[in-house]
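Everything on this sheet refers to the single structure shown next.
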């Protein structure tokens, strides 16, 4: 790890330590289902950040392996509720194929295979491959671990902060038929705070301060749209969560859904600035 990445992880550990103390205090003073859920979420964040840190210590191939695992679980959760039944092993072979391409710097090559997959599997399963595998595969393809860390932290922070601001001051649902809990106030607060985080972390990227502002706004908004797409699919399939793999969060796909659509876009923006 570079000193910059080490500093970011030290900051994350400090924030999680504070959150753990607050969660413990709330559990003692105001025990409730909400406080137990909060503690479960914080515990899961500890595990996720430690696993992510370990992958980064292992270098490029460790990060590729981590996101290959996330993509496989995400695709598995997406397919488990497929109205036509779970597809065969050949369908899931797309995960190792795509991430081997990523490991050798050929992430765009799957563009040639996507139309074929759509013809073979149909719209619903094609969408699963596109979002859960192809889009996610761009995250370990950014070239520098610093850029990847910037992207994941800003988008995930926006996701969490939208939830917090929505609970605190949310009054106007933004898509009540798809996701009633998402509000205009939550979206605005989450995007603003996460973009400010992106400005603070701009040294991890080639963007500069003003570039980090615009990139932060773009990827957090597209991340919101990405989450909305998955919420619409869940609503259509009558699901509350994609699974139960991550305590307090739901499934793996519930945690990474906001990363899918902005991932290739961020890769393109990096190439423009490089």
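Every number here is computed from the coordinates shown, using simple stated rules; none is lab data. Predicted, not measured: the structure shown is a model, and the values here were computed from it. No Cβ is skipped: glycine too gets one built from the backbone with ideal geometry, and neighbour counts run over all protein chains shown.
Miscellaneous remarks
Conditions tested, residue by residue: (1) within 20 Å of residue 144 (Cβ to Cβ); (2) within 19 Å of the chain's Cα centre (by Cα).
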| site | (1), (2) |
| --- | --- |
| 184 | no, no |
| 189 | no, yes |
| 205 | yes, yes |
| 212 | yes, yes |
| 222 | no, yes |
| 229 | no, yes |
| 234 | no, yes |
| 237 | no, no |
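- Selection count, region 13-38, where residues are in contact (Cβ under 8 Å) with a residue 24 or more places away in the chain and in contact with a helix residue (DSSP H, G or I) (Cβ under 9 Å, 6 or more places away or on another chain): 5
- Selected residue (criterion: surrounded by the most Cβ atoms within 10 Å (Cβ to Cβ)) from residues of region 73-95 that are under 16 Å from residue 250 (Cα atoms) and without any contact (Cβ under 8 Å) to a residue 60 or more places away in the chain: 75
- Residue in region 163-175 that is surrounded by fewer than 20 Cβ atoms within 10 Å (Cβ to Cβ) and in contact (Cβ under 8 Å) with a residue 40 or more places away in the chain present: yes
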